[in-house]
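So the structure is just underneath, and the comments pick up after that.
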Amino acid sequence: MAHTVVRSEPTPVTGAPKKVGRLPRAAVHHPWWFALPAIVVFAGFFLLPNLLNFYYPFTNWSSYHSDIAFTGLDNFKTIADDGSLLRAIRTTLLYALLAALFQNGFGLVLALLLEDDTRFNRFFRAVFFLPVLISALATGYVFQALLDQDGAVNSVLGTDIPWLGSTTWTLIVVTLIHGWKWMGLSMLIYLAGLKGIPGDMLEAARMDGAGPWRTFWSVRWPMLAPAVTFNVTTALIGSMNTFDIVQATTGGGPAASTEVFNIYMFRIFGQGLYAQASAMSLVLFLVVVTVAIPLVIGLRRREQLL
Amino acid sequence: MSPIWRYGRPALVLLLAGLAVGVPLWLVAVTSAKPQAEAIEPNLDLPRSWQPGSNYADAVSEGEMLRGFLNSLLVVVPSVLLVLILGAGAAWVFARRKSKLVSAAYALCISGLLLPPAVITIVMELRQLGLANTRPGMIAVYTGMYLSTSIFFMTGFIRAIPMELEEAARIDGAPPWRIFARIVLPLLRPVIATATIMVMLYAWSDIFYAFFVLGGGDRATLPLNLYQVASAQLYLNNWHLVFAYVVVMSLPMVAVFLVGQRKIVSGITSGAVK
């Protein structure tokens, strides 16, 4: 009688496991073991390290000890006392904010410029996507060659500006480079968002006598909300995890003014102070969580309001 | 449309493209063809004497480019395949089943989109598993890191596929694995293209995680080699080699993009923004 319970299996296969009948339909049609390998790999190589990251920062793990002992808050005291903790938090947050701003600003402008599906626009969409395809490390070197004091920009302008040597302005320069590298991806997502706006909605706005500005602010911008959510979230969170561009352009300098979390970890890990690097990694985790959760909730709520 | 905008818009696009993308690429191209003496202070001039051939040959021999290329392929290709296959299986279950447990598992699996990977403790874990400094270790780390991206894109995509397609096959008596392989996977083509290029892009250019997991040495990938070539310029600039390297490293990604371009765009359209 087992198989008669499953209504959508009208032709019972002989020799099929009898147990099947008592399982809910979903378990038969979309069995868990399709998801299991992914869950295992993700748990083992992403979640587990993040859990371990709540333990190792409280130890003396380093290349100088053969065994690992619990030391409490020593590592956090060290990074707080030498000023690197607050500096890294400040630098990373500022970096993420500016990078997300530039990436989204450039991307939105490009999407609006290249919105119509003409051959000309399709070609230039690909051109503006090129920087996304070039590795971030390579991007960093290109801009180092452009912006060095003996570099190409100064030689064209006939100036002698230390673009990458200012403790105040260099962070902004580096975030502009970050925005440049990823603007193509934001552009694609904004283009997708623009394409999703129904044509009759724009038509109606035009009939009501709305000009291009009015149409943009009253119709297209609100309709872009999901694209904005996705773009702002990925840009903000992604740029908190930045490394390559900063490493290739400034290496964290001048005077540690661009030393984001990952640059710090890279440097300290290279010195063999693993637990201390791990402490910084835990702080990064906590900072990202405190930024990400309210951000996602806030943007989602905004989507519903608009 | 006003005439200013009609002619102003293409002009603005040309100007932006020339300044923002043209200038950096031009710098890369001309510098990679210059002799060292000319390349020490990078500028936008054409080379006075052209020597692209020997620069690229030097980048290949001094930069260990062929080994790096092979090493990159050996970790990136398996990572991408695993991310796609495991991700598709999980996304199918997450998109079709409805229960608290499924929602929880889905939320957990896409948490990697937001959370940063704990790179330092990954090293510790890999050492304990005997996978530190190995390719399988690197593949496991990339797969774990980028599964979230593919699961997120694919789940959104599958939810938009009508259930009837699967039901028709089920009535014909097809078991789940056949429905998955014959119906779900082929329909996923556009989003697979998107996930492929995203994961390839990240893994092909990654240096941060490769530095911790692989280190330098025999298994160094292309970006690690580039980093080494560029870091060697502490005493003498070798921009000509760096940029020859940059060109060779970027070309495969440009090729992949050109081949999959249309599918990538449609995949992003349906996956990220609905």
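The values are calculated or read from the model by the stated rules, or taken from the named source; none is laboratory data. Please read all numbers here as calculations on a predicted model, not as lab measurements. Note that we place each Cβ from the backbone using ideal geometry, even for glycine, and neighbour counts take in every protein chain shown. The protein model used for the area step is the full one, side chains on, heavy atoms only, and it has no ligands, DNA or RNA in it. Shrake-Rupley method; radii C 1.70, N 1.55, O 1.52, S 1.80 Å.
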- [ ] Could you figure out which of (1) crowded, with 23+ Cβ neighbours inside 10 Å; (2) of a type outside the set (Val, Ile, Thr); (3) within 9 Å of chain B (Cβ to nearest Cβ) isn't true of A:SER155?
- [x] (1)
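Based on this model, can you work out whether B:ARG96 counts as out of contact with any strand residue (DSSP E or B) (no Cβ under 9 Å at 6 or more places or on another chain), within 14 Å of another protein chain (Cβ to nearest Cβ) and either buried (at least 16 other Cβ atoms within 10 Å of the Cβ) or in contact (Cβ under 8 Å) with a residue 40 or more places away in the chain (or both)? Talk me through it step by step, then tell me what you get.
Working: out of contact with any strand residue (DSSP E or B) (no Cβ under 9 Å at 6 or more places or on another chain): yes; within 14 Å of another protein chain (Cβ to nearest Cβ): yes; either buried (at least 16 other Cβ atoms within 10 Å of the Cβ) or in contact (Cβ under 8 Å) with a residue 40 or more places away in the chain (or both): yes.
So B:ARG96 fits the description; yes.
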Task: All helices (runs of 4 or more DSSP H) inside segment A:171-282 with 2 or more residues being away from chain B (no Cβ under 11 Å) and surrounded by fewer than 17 Cβ atoms within 10 Å (Cβ to Cβ) - done: A:199-207, A:212-215
Open item on the list: Looking at segment B:41-54, can you tell me whether even one residue there is under 24 Å from A:LEU146 (Cα atoms), outside any loop (DSSP other than H, G, I, E, B), touching a helix residue (DSSP H, G or I) at 6+ places or on another chain (Cβ under 9 Å) and at pLDDT below 95?
Closed with: yes
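Kindly indicate whether A:PHE106 is assigned to a helix (DSSP H, G or I), open to solvent by 10 Å² or more (accessible area, probe 1.4 Å) and within 30 Å of A:ILE189 (Cβ to Cβ).
yes
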TODO: Among the residues of segment A:43-85, write down those that are aliphatic (A, V, I, L, M) and open to solvent by less than 20 Å² (accessible area, probe 1.4 Å).
DONE: A:ILE79
Open item on the list: I need the helices (runs of 4 or more DSSP H) fully contained in segment B:119-195, keeping only those with at least 3 residues that are within 26 Å of the chain's Cα centre (by Cα).
Closed with: B:119-128, B:135-159
Open item on the list: Looking only at residues that are touching a residue at least 12 places away in the same chain (Cβ under 8 Å) and out of contact with any helix residue (DSSP H, G or I) (no Cβ under 7 Å at 6 or more places or on another chain) in segment A:126-152, which one is farthest from the other protein chains (Cβ to nearest Cβ)?
Closed with: A:GLN149
Open item on the list: Quick check on my filter: what residues within segment B:3-39 are out of contact with any Phe, Trp or Tyr (no Cβ under 7 Å at 6 or more places or on another chain), in a loop (DSSP other than H, G, I, E, B) and either at the interface with chain A (Cβ under 9 Å from one of its Cβ atoms) or within 19 Å of B:MET249 (Cα to Cα) (or both)?
Closed with: B:LYS34
